[in-house]
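Here the structure comes first, spelled out in structure tokens, and everything after it is commentary.
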Amino acid sequence: MKKTAVNLVSVIGGEVLLRAANFAAVVVIARLFGPLILGSYATVLAFVTVAVMIADNGLQVSSIAEVAQKPADLGRTLGQLYVLKTALFSAMAVVLLAIGFSVKFPAMIWLMGAFLALRTMLYSYCQLNAGVLKALDRMRFIGMVQLGHCLLLLTGVGLAYYRSWNIYVLLGWLLLGQISELTASGLLVLHFGARPRWSPLSACWRILHRSTPIGITYSVAALILRADILVLSWIALPREVGYFAAANIPLVMVYVVAWLLGGVLLPKMVALSNDNQELRAYTLRWVRLLLLVTIPLSLVQLAITPSATSLIYGSGYRATGKLAAIMGLAVPFILANSIWLARALATESRAVYLGTYLSAGVAALLLDWALGRAYGGAGIASAIVIREVLMFAAFAIAGIRQAAKHSEDASVLLEQSLVPMAGE
């Protein structure tokens, strides 16, 4: 448990610092350029994030299992992962360019999209390197790399605010920070003996085949996460999208932390996957701990968040406070759902995680559209809470059914083992 705690502090602590620095960049964009530009930034980022997650096809998560299962063949596995990711991203870039030319995006969207797409792809490579370090049990170095990235970002954000940088200069600095993290994490991977090597395309295809169910799940998860901004951008003015994005971007940080939490616990859950009782106890222990800590905090934030939001973004963003307070109620369930998902991945329960996320994706779009048209941003904020509660209930029911099935199977095996004894 102590080692897990150290890993959690390194991985999640580093990511929290990095997300905090990114949030500072969002605050600067909001204060310097207003809700109109912030709304455009959030919409482009949402679109790009979904596209990159679809192209990644689950490699970001499955890389942990691939490396852990074949540690002696690390170089070849890593080479396969890099080749696959690069090929998929190249295809995605062609599709995004085709969409851009057909829609005839304005120059601002083209430039913003280019910076954000490249940065998001580099972030995905960073996560691949982090997955290798996790599998090699070198998680403490992940936090160190992200701390350096965080300090670099904060330096740029501070300069942007005090010198009133152009938004493209700020985006360029953010891209530079991502390049620095990729370089540092890549050097660490090489330092610990991972040398990417070429292997037959058939082996790459097998990895792609194994990662696809996870890829579908995480693509739907990204769509669920970003659908709120995308749907609102269809039914509301960009300024209203900006007010909503100011509340939603901190929640995205919670989702990222939740996914990282699941990634840290996943190797332990994989090790316990052959012992259903131990795995169930381990899962429930984490779910209960998270709910006990976060539910009271999510209720307290209802009174604090509106005034805190106005203080952070400025008096012009008062509408954001109410939206952020509503979204805060979803935090306990977002974190708990990441634990349920990790358990389903560890037991290779594809029907559970695919069924839950596909159903949640459909529900998210329907809820966002219906409540968004009726109540605007407040309706979509409420839809976020509803969908996370529904997902929590679905995962919990699936867990109960799995436990009952394993108990029934154990009873059958016990009866079969007693039959020869009865005949003796």
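Every number in this text was worked out from the coordinates using simple rules, so none of it is lab data. These numbers come from a predicted model, not from an experiment. FYI the Cβ positions are ideal-geometry reconstructions off the backbone, even for glycines, and counts take in every protein chain you see.
The table below lists the values:
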item: Span from the segment 198-263 Cα centroid across to the segment 82-154 one, whole angstrom; result: 13 Å
item: Between helix 201-235 and the chain: long-axis angle, C-alpha atoms, 0 to 90°, nearest 10; result: 40 degrees
item: GNM result for the chain, Cα springs below 10 Å: residue of 256, 300, 94 fluctuating most strongly; result: 94
item: The chain, relative contact order [Cα under 8 Å, separation at least 6], %; result: 22 percent
item: Sites residue 103 and residue 362 - FRET efficiency at Förster radius 25 Å, r taken between beta-carbons, to 0.05; result: 0.50
item: Theoretical ellipticity at 222 nm over the chain - DSSP helices of four or more residues, -39500 (n - 2.57) apiece, nearest 500; result: -32500 deg cm²/dmol
item: Stretch gain in nm, segment residue 375-residue 209, where the contour uses 0.36 nm per residue and the Cα spacing is subtracted; result: 55.5 nm
item: Ordering of 136-143, 243-250, 45-52 by packing [mean C-beta count within 10 Å, highest first]; result: 243-250, 45-52, 136-143
item: Most mobile listed residue (166, 22, 57) in the chain, GNM with C-alpha springs under 10 Å; result: 166
item: Choice from 288, 226, 119 showing the highest fluctuation, given a GNM over the chain with Cα pairs closer than 10 Å; result: 288
